[in-house]
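Before I ask anything, let me first share the structure, which is written out below as structure tokens.
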Amino acid sequence: MTTARPGALRAAAPLLAFCVLAAGCSAAPDGGGESASPSKGSPSAKAPEPSRSTEPEGAFAADPDRLPRTRAEALALARAVAFRPEEWGADFVALAPGESDPGTWAVLDDDCRWSREPLPDGVLAAVSRYSELPLGEGRGAVRVTAAVTVHTTEAGADTRLSTTLEEAMRCPEQEIRAGERITELNSVGRPAGQGQNYADDSVFEMGTHVRSVDGRALTSPYHWTVDRLGPVTIAVSVRGTTGEGSPEATSVSSHGTVTMRSRLVDLLGETS
Amino acid sequence: MHPPHSSDPASIAGHRLLGRLGAGGMGVVHLARSAGGALVALKVVHAEFAQDGGFRERFRREVDTLRRVRSPWVVPFVAADPDAPAPWLATAFVAGPSLEEAVAAHGPLPPASARALGRRLAEALRDVHAAGLVHRDVKPANVLLALDGPRLIDFGIAREPEDTALTATGLVVGTPGFLAPEQVQGGGRDAIGPPSDVFALGCVLAYAQTGRPPFGTGPVDALLFRAVHESPDLDGVPEESADLLRRCLEKDPAPRPSAAEVARALAAPRDGADEPHWLPEAVTRLVADRAAAGAALPDIEPTAVDAGAAGRGEDGATDADGTGTDGAGTDGAGTDGAAGRPPEAAPADGDEEAEREEADGPGRRRFLLLTGGGALAAGGGALALWRWRDGDGGTSAARPAHTIALQADLSGDARRTGTAQLRGVRLAVQEFNARRDAPFTLSLVVRDDGGDPQRAAATAEELAADSSVLAVVGPTTEAAAEAVLPVYDRALLPLVSVTAGAVKLLVLGARSFVQARPHNSLLPFFLSAHLRGTAGSRTIGIVNDRAAGDYGWEIAGTLSKLLNQGGHPYVPKVVSGRYGGFGPAIDALLAGGADSVVFAGLHERGARFARTLHERGFTGPRAAAHGLLDPRFVEAAGEAAEGWVIAAPALDPAEHPGAERFTAAHRARFDAPPAPFAAEAYDATGLVAHALRGLAARRRTRGNLTAAIRGTSYRGITQTLSFSEENGSRTIDGTGVHLWRVAGGRLRYTGPGTPVIPG
């Protein structure tokens, strides 16, 4: 088609809903008047200043002496931070394989398909650990991936976050492996000081996970967050949370990101 | 309070519903009158929760317990029916403001008040815990203030995760910022006990004394992290109570004092008697006002606005009512009374622009420094508050005056736009007051927020506290809008913005916001239609400049989505706000085959981008949204700016048929042509005046005006404005976005944009 229908203007509507869900749009009155809204002089009043170019400040100061220098050190760090199955909760188990090949990282190709490629020069180590929570007979499982990537420089990790945002613009639909797709992907970036101050930078993505099982398409919410602290990125993806007895995707995700960030701060932060 | 929804029944179990006090995932809280005539807060649980047998059982058990609690500081239980199809619980209605509102309006409590508050809340929790209940959501919004002391409300009756505002995370029961670590860490219902309430009490008392929650505010994630890992921020808490609060805020529940111990520690040191005036005078006044308003509730109107009346215009009953001097006349009393006063005090820093304009203006105008009321005192010395009124021969002292305000950036980065808005609003007020048939006159209060979010929030608090202000036009910047929205929502004070266009602003649930321009996510439709249509582009390169925050994301993200859905080729590129220049991004766009470029960012970096693009020899179509509608872009980019096309929610009235009179008046009064957003602000003011005219004199309240503005349709000189009654967004009608082109070193208006490719 070469002509947009006037009705297409309303296509912007889904973004509204996304914005509600993204934490970057928090600090809201809830209409009931009983939510915790930011008050006069509160720290949250430091909202982003979109009318001005800002150089965001960092939230995390790594101790230069504690940063990994070799691939081996970086891999040890990534493994120390990335969640193991039991850390997600008592009933989580490892998928097979439970961990990615340490010489590779995930890349989204021109056809919007994810695959693992050899580590590029700017990346010292990348570890993805795959876990799942079986929900019982015929009800599928909650699948969780924890990915920690150590870059040689902070600028390299920063570029990775830009690339992540770009990927959602480029491929709102992505194939994560044969028979598994993410559709309706939305993303939002939140540098330090703009809606969060627990990481130097953060990207949050949400979409629908579609899996074919016996010719049927099973859908569930898909959540993905990546936080950057210095030269390290910590990512968590959650999918398959649907139906009774299943935990909330955001709840699972927060548990992972909060704890992994805290580990990284313990391992790399300034000790003083 | 909101009016009842059309879906609300007229009565529930013999209670006549008067309005809604609040609503959440779990149910709705109504203001109701019991069969016996008492006002009650009636909480009705959604029927779907009631289908869960376990839920109903917990509800029954907890209602039975609450029935036994006897505490002067706990809102009294009235009645409940756990077995109704939709279980409900009625407690006495307390008309007072919440602690949250009081602190927001008047700042932290003085030590003596905070101590009295702490003692009584601790006593309330002591009694609650003794009965075997845990509140689970102690926070400033759940503490109401009455003349004799606080009242704890909203008990954890069968509180479920759905019952909190922020449980989009599904993570916590309660309110992040006031949650104990054990609540955050998800130990389930069992991990939450009386010590969790003591932790929350510590947070509330810190908030009461500093105006800030001790673990800050912001995204849930950050709050939870801080509550679990960081020590509380107690800066500003007097030393004598800081130690006690620190113990309440222990991460481990075990060492925390019990509520009874807290009450004892805060026992009145001297006479032990509860002072009659336990709150500072300003807060006491707020409490008394609210109590008086509560007493007047029998007259509450069943519906907030008669949309027909709002749109009717100038004739009929509204005129007769509007010319009356009683009631509404008091709104303007302060202005009239001070009419002869010369503008003796000089405005403070940041208001020079405003002052200069006023000094240059025609001598017949009178400027009135607002001295009455608490607004000026509350504002501190940094911000001068001006009440301004055009006193032309047509205004009559017999007519009531209503006050509207402009909150704009008159001194910050967006001051050019803010000043344009100020001029547009002034012309609208002047013109309105000159009309002999106007049933009232308008007074104008002008406030400069510098575009700074914190200053903007403080400004909004002051305008909200000035009860004569019926509506606010503004603010200028997106950041300021985000900061002021909760404030104006709380006050139900209509806020009409012609520049703040983020979609985010529409989904925050703000009840009184009106966005009088197409929102940012609509601009990409016009950009796409221009580039693929007129400019003949095939592959659009899109640059999202992260330095522009949500604005850049909204433009670039929506544009890529739109093109993706239409199957049109595009090349997206995201540029860091932190590292590097634009060179690599431009190389990538060109390598990807882009034959046109959209820059989603703001003027300063936009100029750098344009220069780099120019250096690469790119001559294809280049476009942007209103972030580049700024002479500074043209100036800084020089030759590289030539040919750029900008889609903006603003037109040039000098080139727009129908705006001739406005343009002439602007030139006559300000000796300059109108800048972008002057005419739009003029229309926003006309919209407010139009809606106000449609209301009978006795109904000209903030709440009614909000409904009237959202419900009306107004034909201005730039556009016809109508809105969603639900969220105040402008009706999507394919108009309101205009194209500009840089030519000959100037921004030139080329006409209305179109969201579709013609033909």
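None of the figures in this text is laboratory data; all of them are computed from the coordinates on show. Quick caveat: nothing in here was measured; it's all calculated off a predicted structure. When we count neighbours, we look across all protein chains shown, and the Cβ atoms used for this are built from the backbone with ideal geometry, even at glycine.
Whose amide H sits under 5 Å from the amide H of B:GLU250, counting only residues 5 or more places off or on another chain, with H placed in the peptide plane?
Amide H to amide H, under 5 Å and 5 or more residues apart or across chains, B:GLU250 pairs with nothing.
Let me ask something else. To the nearest whole number, what is the average tally of beta carbon atoms from other chains within 10 Å of the beta carbons of peptide B:493-505? Write down the numbers at each step before the final one.
On the way: counts 0, 0, 0, 0, 0, 0, 1, 2, 0, 3, 8, 9, 3.
Mean shielding count: 2.
Next question. Averaged over B:135-141, how many beta carbons belonging to a partner chain fall within 10 Å of each residue's beta carbon? Could the numbers behind the result be given before it?
On the way: counts 0, 0, 1, 0, 3, 3, 6.
Taking the mean over all residues of the peptide, I get 2.
Hey, can you rank B:421-432, B:248-259 by average C-beta count inside 10 Å, highest first?
Numbers: B:421-432: 25.1, B:248-259: 17.4.
Output ranking for B:421-432, B:248-259: B:421-432, B:248-259.
Between rounded, prolate and oblate, where does region B:89-141 land on the alpha carbon gyration tensor, with a ≥ b ≥ c its root eigenvalues, rounded for a/c under 1.5, else prolate if a/b exceeds b/c? Write out the running numbers ahead of the final one.
Numbers: a/c = 2.35, a/b = 1.42, b/c = 1.66.
It is oblate, given that a/c is not under 1.5 and a/b is not larger than b/c.
Rounded, prolate or oblate: which fits region B:11-92 when a ≥ b ≥ c are the square roots of the eigenvalues of the alpha-carbon gyration tensor, with rounded for a/c under 1.5 and prolate only if a/b beats b/c? Don't skip to the answer; put the middle values down first.
Details: a/c = 1.73, a/b = 1.14, b/c = 1.52.
Judged from the Cα gyration tensor, region B:11-92 comes out oblate (a/c at least 1.5, b/c at or above a/b).
Rank these for me by crowding, A:TRP114, A:TRP224, going from fewest to most other beta carbons within 10 Å.
Working: A:TRP114 17, A:TRP224 23.
Placing the least packed residue first, the sequence is A:TRP114, A:TRP224.
If packing is taken as the average count of other Cβ atoms within 10 Å, what order do B:471-480, B:516-525, A:245-254 fall into, highest mean first?
Numbers: B:471-480: 30.8, B:516-525: 27.1, A:245-254: 20.4.
Those peptides, ordered most packed to least, come out B:471-480, B:516-525, A:245-254.
Further question on the same structure: Going toward the positive end of the dipole of region B:611-759, with +1 on Lys and Arg Cβ and -1 on Asp and Glu Cβ, which of B:GLY716, B:ALA697, B:PRO676 do you reach last?
With unit charges placed on the Cβ atoms, the residue in question is B:ALA697.
Let me ask another. Roughly how many Å is it from the Cα centre of region B:398-447 to that of region B:694-759, as a whole number?
18
How big is the gap, in Å, between the Cα center of region A:91-117 and the Cα center of region B:567-645?
That distance is 35 Å.
Once amide H atoms are built 1.01 Å from N in the peptide plane, which residues 5 or more positions from A:GLU99, or in another chain, come under 5 Å H to H?
A:TYR130
Take the alpha carbon atoms of region B:689-759, find their radius of gyration, then divide it by 2.2 N^0.38 Å using N residues; give the quotient. Each step should come with its number before you reach the end.
On the way: Rg = 17.1 Å, N = 71, 2.2 N^0.38 = 11.1 Å.
Normalised Cα radius of gyration, region B:689-759: 1.54.
Which residues' amide hydrogens lie under 5 Å from the amide hydrogen of B:ILE757, considering only partners 5 or more residues apart or on another chain, with H built in the peptide plane?
The list, which skips near neighbours in sequence, is A:ALA4.
Please name which of A:THR257, A:PHE92, A:THR225 has its Cα lying farthest along the dipole of region A:62-268 towards the positive end, using unit charges on Cβ (Lys, Arg +1; Asp, Glu -1) and the Cα centre as origin.
Going by the Cα projections, it comes out as A:PHE92.
For peptide B:551-563, compute the average count of partner chain beta-carbon atoms within 10 Å of each residue's beta-carbon. Present the calculation step by step, with values, prior to reporting the outcome.
Working: counts 3, 2, 10, 5, 0, 3, 10, 4, 1, 6, 10, 5, 1.
If you average over the peptide's residues, the count of other-chain Cβ atoms is 5.
Once Rh is set to the Kirkwood radius over Cα pairs, what Stokes-Einstein translational diffusion coefficient, in µm²/s, holds for region A:62-268 at a temperature of 10 °C and a viscosity of 1.306 mPa s? Write out the running numbers ahead of the final one.
Details: Rh = 17.3 Å.
Taking Rh from Cα pairs, D becomes 92 µm²/s.
Right, next: Quick one: Karplus J couplings for region B:204-210, per residue in order, coefficients 6.51, -1.76, 1.60, θ = phi - 60°, nearest Hz, x for Gly and Pro?
For region B:204-210, the Karplus curve yields 5, 6, 5, 4, 4, 9, 10 Hz.
Now for a separate question. Can you give the three extents of the C-alpha atoms in region B:471-563 along their principal axes, from longest to shortest, in whole Å?
50, 25, 20
Normalising by the residue count of region A:62-268, find the relative contact order in percent from Cα pairs under 8 Å and 6+ residues apart. Can you show the working numbers first?
Details: 430 pairs, mean separation 39.4, N = 207.
This gives 19 percent for region A:62-268.
On to the next question. Tell me, what ³J(HN,Hα) does each residue in region B:30-46 have, in order and in whole Hz, if you take phi through Karplus 6.51 cos²θ - 1.76 cosθ + 1.60 with θ = phi - 60° and put x for Gly and Pro?
Using θ = phi - 60°, the values come out as 9, 8, 9, 10, 6, 4, x, x, 7, 7, 9, 9, 10, 9, 10, 7, 4 Hz.
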